[in-house]
Ligand code: ZN
């Protein structure tokens, strides 16, 4: 597209900002069967969402507004025009990228849902890994029995699909293997046993890292090892954006970690948005499974005042992807039809954003118990969840006055699938 044509398109797209996108009444009132079906698929065992008078899980907010397989009530003329204009410019494919929801109160069976949405913004053309396109953000106000119940901000990418791959995407390239030699084999033997071993000179007791045949202090070739406690701080770090390397998912952080024992080592800092890493930040050792039995020591950031939550491991089956989409009445073909997904440039069907949303909600509910009240959830999607993968959710929580703020990250074999922030009121607060 020429620059003039592109700026003309941007101007026409911007004119849709602020216009009504749609609205209507939910096809069904909030109801127990849909809540039960959703909870079964997501694996949400929160007792307040079960029984005869269940509360709807907060992450179902948008579900009550979905049009389902038969479509309608559909968007406004303005929204249809915007979609048509984008399709004319080649943006025929669509994928959800971000979602942010605020919950004013829980929804109960019998409540009638009404909603109105507005086109909040349309971005200029951007290049993405799926293809070039425009981000369209809508904001929906949701009422239950006429009373405000929540707000749902949704961003999709409407894009020009790249050429469909001739065959499913090649497996993710493996990370480079460490070079193991006589001088450092003891270190890698330790890693295989999930131990971080530091050399200690037998003669002068000086610790050294990385592993070397002789002591830099006294020259002695005699040494033994000590187990690192695995705690330390970030002494220095860089955030890698470019150039891209196979098997690495930028941006990612490479840190010089000062271990509590006093030696320093280079590794990845994980579990925190790279932009939030600071010098002096405490970190804790963990072992990353880099595939085919290769473990690598990495360091998980512990932001000041935060505590870590145990991980949740979710096998991403074809059944979960399809059942998840149907439990939210999302009939976009890319979530159930592999042929259609391939025609749109994906190697297979992939999980819809609402299922990811539900899994993040489940993770938080499991960690904080049935008495916790979620007030807000915002997530951003990264790489897709394809069938056969495994999603591991990890999180940390910080006190924010009366509320708690949970940072959640979900990774799969392709990299970061989701990053999110959940604000909640813990039980008894
Ligand atoms: Zn020595």
Inset, instruction - For residue 192, indicate whether it is modelled with pLDDT under 95, under 30 Å from residue 385 (Cα atoms) and out of contact with any strand residue (DSSP E or B) (no Cβ under 8 Å at 6 or more places or on another chain). - result: no
Inset, instruction - State yes or no: is residue 216 within 16 Å of the ligand (Cβ to nearest atom) and more than 21 Å from residue 396 (Cα to Cα)? - result: yes
Inset, instruction - Check residue 99 against each of (1) touching a helix residue (DSSP H, G or I) at 6+ places or on another chain (Cβ under 8 Å); (2) closer than 30 Å to residue 11 by Cβ; (3) surrounded by fewer than 18 Cβ atoms within 10 Å (Cβ to Cβ) and name the one condition it does not meet. - result: (3)
Inset, instruction - Looking at (1) at pLDDT 95 or above; (2) crowded, with 19+ Cβ neighbours inside 10 Å, find the lone condition where residue 109 falls short. - result: (2)
Inset, instruction - Would you be able to tell me the number of residues in segment 298-315 that are touching a helix residue (DSSP H, G or I) at 6+ places or on another chain (Cβ under 6 Å) and surrounded by fewer than 16 Cβ atoms within 10 Å (Cβ to Cβ)? - result: 0
Inset, instruction - Pull up segment 179-211, narrow it to residues that are under 15 Å from residue 293 (Cβ atoms) and free of Cβ contacts under 8 Å to residues at least 12 places away in the same chain, then point me to the one that is farthest from the ligand (Cβ to nearest atom). - result: 193
Legend entry - For residue 156: the one exception among (1) touching a strand residue (DSSP E or B) at 6+ places or on another chain (Cβ under 7 Å); (2) away from the ligand (no atom under 16 Å from the Cβ); (3) at positive phi: (3)
Inset, instruction - Evaluate the following for residue 250: is it part of a loop (DSSP other than H, G, I, E, B), more than 16 Å from the ligand (Cβ to nearest atom), touching a strand residue (DSSP E or B) at 6+ places or on another chain (Cβ under 6 Å) and on the phi < 0 side of the Ramachandran plot? - result: yes
Inset, instruction - Tell me which of these residue 203 doesn't satisfy, since it passes every other one: (1) in contact with a strand residue (DSSP E or B) (Cβ under 8 Å, 6 or more places away or on another chain); (2) at pLDDT 95 or above. - result: (1)
Legend entry - Search result, residues across segment 226-243 that are in a strand (DSSP E or B), in contact (Cβ under 8 Å) with a residue 24 or more places away in the chain and either near the ligand (Cβ under 8 Å from one of its atoms) or surrounded by fewer than 17 Cβ atoms within 10 Å (Cβ to Cβ) (or both): 226, 227, 231, 235, 236, 239
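The values are calculated or read from the model by the stated rules, or taken from the named source; none is laboratory data. Worth saying up front: this structure is predicted, and the values here are computed from it rather than measured. For neighbour counting, all protein chains shown are included, and Cβ atoms are generated from backbone atoms with ideal geometry for every residue, glycine included.
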